[in-house]
Amino acid sequence: MSDEYTETEGPALESLQTLGWEISDQQDASWQDPRDTKSSAVLEPRLGNAVSRLNPLLSDNNLNAVVREIQQVAGTSPMDENEQIHEKLVRHTSVKQDRGHGTKHQTVKYIDFENPENNDFFALSQFDVAGDIEIIKPDITLFVNGIPLGVIECKAPTIAEPKSEALEQLQRYQNERTETGSEGATELFRYNQFSVATWYEGAVMGTYGTPKSQYKPWRDTYPADDDELAELFDIDYVSPQHRMLYALFEPERLLDQLRHFTVFETKQSGTVKMVARYQQYRAVQKALERIDHRSRREAQGGVVWHTQGSGKSLTMLFLGLKLRREKPDPTLLLVTDRTALDSQIHATFQRCGFPNPKRAQDKEDLREKLSSHAGETITTLIQKFQLDDDEEGDFPVLSSDDDIFVMVDEAHRTQYATLANNMRTALPNAYYIGFTGTPIEKEERDTRRAFGNYIDTYTIDQSLDDDTTVEILYQGRLADIHLEGANLDRIFDRVFADYSDEEKAEIKKRYAREQDLAEAETRVEEVALDIIEHYEDEIADQFKGMVVTTSKEAAVRYKKKLDELNGPESRVVISKGHNDPEHIKEWTPTDSEISEYKDSFVDPEGEVELLVVCDMLLTGFDAPVAQVMYLDKPLKEHSLLQAIARVNRPFPEKNHGLIVDYYGVSDDLREALAMFSEDDVKHAMVPLEDKKPELEAAHRKAKSFFDDLDDMEACLQTLEDEDTRIEFKNAYKRFSKLMDIVLPNPMANPYKGDLDRLSEIYARAKQRYRDDSMNLEGTGEKVRELIQKHIRSKGIDVLNDDPVSIMEGDEFDAELEGLESDEARASEMQHAIKHEISVRYDEDPVQYESLQERVEELIEKYKQKRLNDREIIEELREVLDEMRTRDQQAKAKGLEDATELSFYHALEEVLLTEDHDTDQQELVELTGDIIAEVEDVADVVEWQEKVTVQQKLRKRVKLRLMKADIQMSGEERTELTNRIVELARAHYQP
């Protein structure tokens, strides 16, 4: 058995069995496929049995109709079909049926959510599903009532890149890798709830359509802990695989997540399916527990503190879905303090299919909704809890109900004074839960004092570990411009020390302020030029950026300067003000223009590269493509922490977010972080200079594998051992990634020469050892361009290209002769031949297995110094000649070509032995007969996907073997038939 099976797949099947799944392991069991065609992914008999069992009064006709209905869902795309199928599973379907009282609509369940034990949980290894071109075989497919809700791809933990390989496989299965979209089988994923990549020592999860970079670990199985899992699985060590399988596929949790933690959001790029991450699932469960244990009139629910970018809005949505299901008729009130956030959260709930959320239009509308519309979901601004001008005294009580649940987004703001008091007066028995990425703990403002203790926390470091966010780096620029402004207030206070506060305020109106200096025309021009140069040198072509200014005036000035200086395509996004001067109003975008600008900016292909803002879009705006924020504004406390988090969203090849500070906010940052414990925020924003020790350490590690970087052959020989090669690859990628982060800062200069040499070693090792895992994925675009340019100048093929095949005789021989020594030639030949045998093995297992054994024997002799460089080269040359002359070998036997030789070898191994009275000529004739049968069947379009066609081939081959005048047992005939069909699959591709 393979390492993959023994170390990962087998243990996974055992774990699923412990969790209550019926297991069919095709390693040691013969599973009878009930499908008529492999293009179907549903186990129809199991589905029919389950629907019949869950709906006992259903007629046979309706049973058959319901079973067909979920398989025949038709949509505009597989994702649209996935959404429709999810809707049927969660909300059920209905049929018309006469149960003795006339024809009525009857609800029909596909799944019993209330009683998980009533469902059929079945896990099958190596389930094959036909796609447009190929048949795919995920390692484990998980069926609930015959419907494939889970796919698990397993890799051995010992291979070089288990995560990358498993995810690549899942992407291929889903047709997510190619523009043609034809290499996988989307039929299987129309039903998919979870897709998992696991390698025992690690596991990540996503759902249908999840990009590779967005697959995440599941670190916490709350409310179960590791001790409970160890007892459940009867193990001492709880691996990440155990946690993942329990978290997603423990039957009750799986159904809970299908029903309450899955939403579809319609975006500009199309519909996106989203499932909960572990911190979201955990926070919702903890909040529900606290709600269930509330004292009769307790209003303080607590605070969910999840760092910026970790999906707080979705957590609120999931909590809302659970409350809707578990409480009789709750009123949900979603409170924000900014119009943009109110619009966003209302749109999120609406786009994700939440039942009819209502948006409070004004103060009167809010009062009317809360007074008389029990059981609704309402979004509002906190500002709508204002008294009218003619009202006196306390805010009126709008509802005394205790089944009102108030979820406050950005709970660190506007929740400590009059408006918050008015809200709590209006809803005295409501239950309040605050959601924030930046809680405040100060004497006059304290998030926990306002809402209660933390329900759940998810810190910056945890989100970095999970790749939920990327690290934010800080770079101060042009600080000298600000010396004058920074000192202005201190100078002013000293000069006018004897004046009253009122007099000082009046004097300040007449004199330059720091903001005036910041917005001076000459300074804006200098900063704008620096922004353009920095953006074009370090950011453009891959990522985008935001320019944050002190005011609307400054935003307009920056926009004009960026245009005058032929800068990147930019748009200014500022709010509308009735008292704005005309020259500001002409630059103020309409609501539809703002929406258009945002869409273009978020789209990697959109023309807008920079957004110029002052206050808008600094909170609640997600643009993963944004890598840099050019900050020219004095932000403080949570406002600063929220603003910089605009650049912390993951995006392909984005190794970090970057704050380029033109205002000097580093002191404000230290003050903002002082309100948290150091462990919670130590990586909130890291000065670029702090990367130097990491870069030095990574450089030392990458060099440590070699004695002399200039001795290329010695370096390559060092990497012959696969484990050493894996270690070097990881060290090299770490060094390259840090160089990408630091470049073009002069801090990188001392290491550029070694980066070139290590890159050449890396490229040559990839070629020499035919190691596909040695790619440049994750190293960053800047460094990748440097590397590609350098290795091309050395005459090495680009790293992503395949090395020259040994079958390309003249080209390979020329490359071999170009090597500097016999030692290098011997090494190159060993690995090239081993690679080619591995690639071609299925074409002729008999011949290639023999060659493989011969090569391994030669290599062993070489290692023992029983062969020198010249001798092994000669021996390997003979192997090479045998591989290149298969057509000639075929003709020498009276066969047409190498394809016929493969079939001949399969027959020869079984029949040309002492046990069978067969000669070579008989085998040649039998080979021709067998080939004729194969070609006749393989002429059928998509024959490999059609079970009936394959059965036909199997029968005809068996019949031909029986007709041959050769004595063989039934077992031998079956074995030989199987070999011939496998050869047919290898040689006669569609």
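For first residues located in the stretch 7-19 and under 20 Å from P162 (Cα atoms) and not assigned by TED's automatic domain parsing to the domain that holds L255, partners that are at pLDDT 95 or above and in a helix (DSSP H, G or I) and lie 6+ apart or on another chain with Cβ distances below 7 Å do not occur. Pairs linking a residue in the stretch 263-289 that is over 18 Å from V196 (Cα atoms) to a residue that is modelled with pLDDT under 90 and among the aromatic types (F, W, Y), with Cβ atoms under 6 Å and 6 or more positions apart or on different chains, are T271/F264.
Pairs meeting the criteria (first residue in the stretch 643-656 and acidic (D, E), second residue at pLDDT below 90, beta carbons under 7 Å, at least 6 apart or on different chains) are E653/Q542; E653/G780; E653/E781.
I'd like to know if the stretch 922-931 contains one or more residues that are modelled with pLDDT under 85 and surrounded by 13 or more Cβ atoms within 10 Å (Cβ to Cβ). Show your work before the answer.
Within the stretch 922-931, the first condition is being modelled with pLDDT under 85, and the residues that meet it are 922.
Still in the running and surrounded by 13 or more Cβ atoms within 10 Å (Cβ to Cβ): 922.
There is at least one residue in the stretch 922-931 that is modelled with pLDDT under 85 and surrounded by 13 or more Cβ atoms within 10 Å (Cβ to Cβ).
All of D401, D365, D394 fail the test of being more than 40 Å from the chain's Cα centre (by Cα), surrounded by fewer than 13 Cβ atoms within 10 Å (Cβ to Cβ) and either charged (D, E, K, R) or more than 23 Å from I291 (Cα to Cα) (or both), apart from D394. Does R725 fit the bill of being closer than 30 Å to R840 by Cα, modelled with pLDDT of 85 or more and basic (K, R)? Taking the combined requirement at face value, the residue satisfies it.
Could you run through the stretch 92-131 and say how many residues are over 30 Å from the mean Cα position of the chain (by Cα) and hydroxyl-bearing (S, T, Y)? The qualifying residues number 4.
A single entry from T913, T927 fulfils the requirement of being closer than 18 Å to E975 by Cα, assigned by TED's automatic domain parsing to the domain that holds L953 and either touching a Cys at 6+ places or on another chain (Cβ under 9 Å) or not in a helix (DSSP H, G or I) (or both): T913.
Scan E860, E875 and give me the residue that is free of Cβ contacts under 8 Å to residues at least 24 places away in the same chain, assigned to a helix (DSSP H, G or I) and loosely packed, with under 15 Cβ neighbours inside 10 Å. First the steps, then the outcome.
Details: E875 fails: loosely packed, with under 15 Cβ neighbours inside 10 Å.
Residue meeting the stated conditions: E860.
Taken over the stretch 145-157, the criterion of being over 21 Å from D112 (Cβ atoms), under 18 Å from the mean Cα position of the chain (by Cα) and either in a strand (DSSP E or B) or among the hydrophobic types (A, V, I, L, M, F, W, C) (or both) is satisfied by V151, I152, E153, C154.
Between D80, D98, the distinction of being out of contact with any helix residue (DSSP H, G or I) (no Cβ under 8 Å at 6 or more places or on another chain), surrounded by fewer than 13 Cβ atoms within 10 Å (Cβ to Cβ), of a type in the set (D, E, K, R) and over 25 Å from L245 (Cα atoms) belongs to D98 only. Within the stretch 162-172, is there a residue that is in contact (Cβ under 8 Å) with a residue 40 or more places away in the chain and in a loop (DSSP other than H, G, I, E, B)? No, that holds for no residue.
Specify the residue that is farthest from W305 (Cα to Cα); the eligible residues are those in the stretch 458-473 that are part of a strand (DSSP E or B) and not β-branched (V, I, T). Before the answer, list the steps.
Filtering the stretch 458-473 for residues part of a strand (DSSP E or B) gives 458, 472-473.
Filter once more, keeping what is not β-branched (V, I, T): 458, 473.
On the way: Y458: 6, L473: 22 Å.
Selected residue: L473.
I'm told R413 meets every condition in (1) modelled with pLDDT of 85 or more; (2) closer than 30 Å to M685 by Cβ; (3) not small (G, A, S) except one. Can you identify the failing condition by its number? The number of the failed condition is (1). With the requirement that a residue be without any contact (Cβ under 8 Å) to a residue 12 or more places away in the chain and either on the phi > 0 side of the Ramachandran plot or in a loop (DSSP other than H, G, I, E, B) (or both), what does the stretch 95-144 give you? Of everything in the stretch 95-144, those that are without any contact (Cβ under 8 Å) to a residue 12 or more places away in the chain and either on the phi > 0 side of the Ramachandran plot or in a loop (DSSP other than H, G, I, E, B) (or both) turn out to be G100, H101, G102, E114, N115, K137. Beta carbons closer than 8 Å, at least 6 apart along the sequence or on distinct chains, pair a first residue in the stretch 892-910 that is over 20 Å from V957 (Cα atoms) with a second that is among the β-branched types (V, I, T) for K893/V924; G894/V924.
Do we find a residue being in the same structural domain as Y769 (by TED's automatic domain parsing) and over 29 Å from the mean Cα position of the chain (by Cα) anywhere in the stretch 720-732? Step through it out loud before you land on a result.
At the first step, the residues of the stretch 720-732 found to be in the same structural domain as Y769 (by TED's automatic domain parsing) are 720-732.
Right, trim to over 29 Å from the mean Cα position of the chain (by Cα) and you get 720-721.
Yes, some residue in the stretch 720-732 is in the same structural domain as Y769 (by TED's automatic domain parsing) and over 29 Å from the mean Cα position of the chain (by Cα).
T977 - would you say it is buried (at least 18 other Cβ atoms within 10 Å of the Cβ) and without any contact (Cβ under 8 Å) to a residue 40 or more places away in the chain?
Details: buried (at least 18 other Cβ atoms within 10 Å of the Cβ): yes; without any contact (Cβ under 8 Å) to a residue 40 or more places away in the chain: yes.
So T977 passes the test.
For the stretch 300-319, which positions are assigned to a strand (DSSP E or B) and closer than 11 Å to D456 by Cβ? Residues satisfying the conditions are G302, V303, V304, W305, H306. Listed conditions (1) over 20 Å from P240 (Cβ atoms); (2) surrounded by fewer than 17 Cβ atoms within 10 Å (Cβ to Cβ) are all met by T158, apart from (1).
All conditions but one from (1) touching a residue at least 60 places away in the same chain (Cβ under 8 Å); (2) under 23 Å from the mean Cα position of the chain (by Cα) apply to L631; the one that does not is (2).
The values are calculated or read from the model by the stated rules, or taken from the named source; none is laboratory data. Since the structure is predicted, the reported quantities are computational estimates derived from the model, not experimental observations. Every residue, glycine as well, gets a Cβ built from its backbone with ideal geometry; the counts of neighbours run over all protein chains shown.
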